[in-house]
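See structure below.
Nothing in this text is a laboratory measurement; each read-out follows from the coordinates by a stated rule. Small disclaimer: the values here were computed from a predicted structure and weren't measured. All Cβ positions, glycine included, derive from the backbone under ideal geometry; neighbour counts span all protein chains shown.
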Amino acid sequence: MQEQQALKTEIISSLDFLQTDSLRLLAEFTTFLQSKSGKFGTQKPIVRLGGLWAGTPEITAEDITDARHEMWGRFGEDEI
């Protein structure tokens, strides 16, 4: 138990010297270790989609309204 506490203290002390990217990587790694050990609880791991939507133009409320009108604007008019 004392060794575990010493390791925790050492890790916490080293956090001050890490850059932001390294801290993010460390956070992801600790999440991985928690899920691997089964001590993750009921919380699901975070899935980062990163650049999945990169380069996609912004979709506005007006765009959605226009698309709905285009799809459903004449719905039911051709029924007998």
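Odds and ends about this structure:
- Split the chain at each of the trypsin sites (Lys or Arg not before Pro) in a DSSP loop with at most 15 other beta carbon atoms within 10 Å, and the longest piece is 1-38.
- Structure-based [θ]222 nm, the chain - -39500 (n - 2.57) summed over DSSP H runs of at least 4, per residue, nearest 500: -17500 deg cm²/dmol
- Size of charge dipole - the chain - debye, nearest 20, with Cβ of Lys, Arg +1 and Asp, Glu -1, no other charges: 780 debye
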